[in-house]
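Encoded as structure tokens, the structure appears first; notes follow it.
The values are calculated or read from the model by the stated rules, or taken from the named source; none is laboratory data. Nothing here was measured: the structure is a model prediction, and the numbers come from that model. FYI the Cβ positions are ideal-geometry reconstructions off the backbone, even for glycines, and counts take in every protein chain you see.
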Amino acid sequence: MAINTTMQVQIGTVPLIQGGSTDPIDFTDRTLGLSIDQQVDVNVIGRGTCRITLLNKDGALTPNGGGTYSNFDWFAQGVFVSAITDTGGATERTVVFNGLVIDFDLVDDGVYSTVTITAVDALTVGGKSTPPTITAGTRFFTQLRDTCFSTSFGSLFMPLLGGPDYAFPVFNLTFQGFTCVNSTSITMNTYADLWQTIVAPTANDVIWAGEIQGSPAVGYKTLYLYNSIPVTNTRDLPWRTDFVFNPSESVSGTDLPFKADGFQQAFNNDTLVTEATIKGNYSGAVSVTSTAATVNTYGSRTVAFTDTFLADSTAVSNMATKLTNRYSTSRFTPVSLSLSASLVKAECDDAAKTRWETLLSITFGIWQKATITWAGSGAATQTADCVIKGRRIDATPQDVTVTLTLGNWIDNHAFILDTDKLDTNRLG
């Protein structure tokens, strides 16, 4: 058999299959194309955007035009994009993108018409709300993070999407706890400032929006899930998938193929850190700057996080040193590769179906290890371990193309027992 893939586009309330009370409207048959861009990184709140172009030749989508959706309140809706896969039998559904509508663009020349819907992830929308003051105190990082993403903490307003209430539950992809301290109260302008300035750098976290779900047990409350991989930036085993990518002529088993013309390498100099300045909010706090040995080679490439809730000078120093240890080496590394549903269908064994579905997942396709083997023109075959930092998914009714953004794996994870090698992979 072969792995078949199609995309489903729904707009409205949370789907029944994701725990909602009613299904949203299925716009798949009107979808001419869509583009999803999701990017994440250490100490940066991830961001996701989706643009969907819908056929409107019959005028059904034209506001005030008298058609089926002429009075539809687009800006109160969620966007739910899924991949439907099969190998000739039962189908599987994978959540590719969930977000909220922020733009509606009608193009109509009187003969032909399209509508382009733009949606962004829930954290982007929620981040515009104004948070209350964080009072002085001592707490575990998980308490700090969960409080700062809690609707009960302050005025974090979100669309209900059919539910009576909403919440921001966290999906911990690794369980890391440590003590945080702030000796003075802190007030930020927006939740986005709070998450980006304090929460993420306090734990060197990787954070991005996940699925939007319903919760039947509590009256179909809308749940805006987000994902967190703090401290180690390494997924715990239950949520870890190691992808293997090979040229299409060398694919077997669970391996995935990539396009020869869609593979790129580059130096990672844009992400070098040769100096890191960190400061906590503990009593008598001072800034600590760690300087890498390579500062005299590459010059000063500085990052500064001076509003963290790290507990003491030791924690501050360790964080600064961690950043310069991890990111101070210039490397020529894979930065991008692309593959498509048609290539997967043509080249992959059925055994690769689960890997392909995982790669498409909004929760499990990002920040995973990817081992890539290739041979350049006139060069020996090489293999590199990378981390998936993001993906762009471009889909039409004919095909789905996935372009991955890659970083260096050694720099972006902590030592994994029985997997990594001493003197090769980092312990911190």
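Taking segment 369-403 as the range and being surrounded by fewer than 19 Cβ atoms within 10 Å (Cβ to Cβ) and within 19 Å of Thr31 (Cβ to Cβ) as the test, the residues that pass are Arg392, Asp394, Thr396, Pro397, Gln398, Asp399, Thr401. Scanning segment 361-411 for residues that are part of a strand (DSSP E or B), within 16 Å of Thr94 (Cα to Cα) and hydroxyl-bearing (Ser, Thr, Tyr) gives a single hit, Thr401.
Just a yes or no: is a residue in segment 73-86 out of contact with any Ser or Thr (no Cβ under 6 Å at 6 or more places or on another chain), over 23 Å from Gly163 (Cβ atoms) and of a type outside the set (D, E, K, R)? No, every residue in segment 73-86 fails to be out of contact with any Ser or Thr (no Cβ under 6 Å at 6 or more places or on another chain), over 23 Å from Gly163 (Cβ atoms) and of a type outside the set (D, E, K, R). Exactly one residue out of Thr124, Thr147 is free of Cβ contacts under 8 Å to residues at least 40 places away in the same chain, assigned to a helix (DSSP H, G or I), surrounded by fewer than 20 Cβ atoms within 10 Å (Cβ to Cβ) and β-branched (Val, Ile, Thr), and it is Thr147.
Exactly one residue out of Ala119, Ala60, Ala90 is closer than 25 Å to Thr6 by Cα, assigned to a loop (DSSP other than H, G, I, E, B) and under 30 Å from the mean Cα position of the chain (by Cα): that is Ala90.
Look through Pro230, Pro201 and report the one residue that is part of a helix (DSSP H, G or I) and out of contact with any Cys (no Cβ under 7 Å at 6 or more places or on another chain).
Within the list Pro230, Pro201, the selection yields Pro201.
Listed by first and then second residue, the pairs with beta-carbon distance under 8 Å, at least 6 apart or on different chains, first residue in segment 356-378 and without any contact (Cβ under 8 Å) to a residue 40 or more places away in the chain, second surrounded by 19 or more Cβ atoms within 10 Å (Cβ to Cβ), are Gly365/Leu359; Gly365/Ile388; Gly365/Arg391.
For the structure I just gave you, tell me whether Ile410 is among the aliphatic types (A, V, I, L, M), modelled with pLDDT under 95 and under 22 Å from Ile229 (Cα atoms). Considered against the rule, which asks whether it is among the aliphatic types (A, V, I, L, M), modelled with pLDDT under 95 and under 22 Å from Ile229 (Cα atoms), Ile410 comes out as yes.
For Thr308, the test of being at pLDDT 95 or above and surrounded by fewer than 17 Cβ atoms within 10 Å (Cβ to Cβ) is failed. The number of residues in segment 49-68 that are without any contact (Cβ under 8 Å) to a residue 40 or more places away in the chain and not aliphatic (A, V, I, L, M) comes to 6.
Number of residues in segment 254-273 that are polar (S, T, N, Q) and either loosely packed, with under 12 Cβ neighbours inside 10 Å or free of Cβ contacts under 8 Å to residues at least 24 places away in the same chain (or both) equals 1.
If the condition is being touching a strand residue (DSSP E or B) at 6+ places or on another chain (Cβ under 7 Å), within 30 Å of Lys259 (Cα to Cα) and not small (Gly, Ala, Ser), then segment 301-334 contributes Arg331, Phe332, Thr333, Pro334. Only residues that are among the acidic types (Asp, Glu) and out of contact with any helix residue (DSSP H, G or I) (no Cβ under 8 Å at 6 or more places or on another chain) were counted across segment 87-106, and they come to 2. Candidates in segment 63-87 are the residues that are surrounded by fewer than 17 Cβ atoms within 10 Å (Cβ to Cβ) and part of a strand (DSSP E or B); of these, the one that is nearest to the chain's Cα centre (by Cα) is Ile84.
Evaluation of Ile229 against the conditions (1) closer than 29 Å to Tyr327 by Cα; (2) over 16 Å from the mean Cα position of the chain (by Cα) shows that the sole unmet condition is (2). Picking from residues in segment 304-337 that are of a type in the set (A, V, I, L, M) and part of a strand (DSSP E or B), the one that is farthest from the chain's Cα centre (by Cα) is Leu310. Exactly one residue out of Val199, Val218, Val181 is among the hydrophobic types (A, V, I, L, M, F, W, C), out of contact with any Leu (no Cβ under 7 Å at 6 or more places or on another chain) and under 26 Å from Ala315 (Cβ atoms), and it is Val181.
Checking each residue in segment 127-144 for being under 22 Å from the mean Cα position of the chain (by Cα) and in a loop (DSSP other than H, G, I, E, B) picks out Gly127, Lys128, Ser129. Checking segment 17-31 against the condition returns a match, with at least one residue being outside the structural domain of Lys345 (by TED's automatic domain parsing), of a type in the set (Asp, Glu) and under 22 Å from Leu223 (Cα atoms). Of everything listed in (1) over 24 Å from Gln368 (Cβ atoms); (2) among the hydrophobic types (A, V, I, L, M, F, W, C); (3) in contact (Cβ under 8 Å) with a residue 40 or more places away in the chain; (4) outside any strand (DSSP E or B), the single unmet condition for Phe153 is (3).
Matching residues to (1) free of Cβ contacts under 8 Å to residues at least 60 places away in the same chain; (2) in a strand (DSSP E or B); (3) buried (at least 17 other Cβ atoms within 10 Å of the Cβ):
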site: Met1; (1), (2), (3): no, no, no
site: Ile11; (1), (2), (3): no, yes, yes
site: Gly20; (1), (2), (3): no, no, yes
site: Asp23; (1), (2), (3): yes, no, no
site: Asp37; (1), (2), (3): no, yes, yes
site: Val40; (1), (2), (3): no, yes, yes
site: Arg47; (1), (2), (3): no, yes, yes
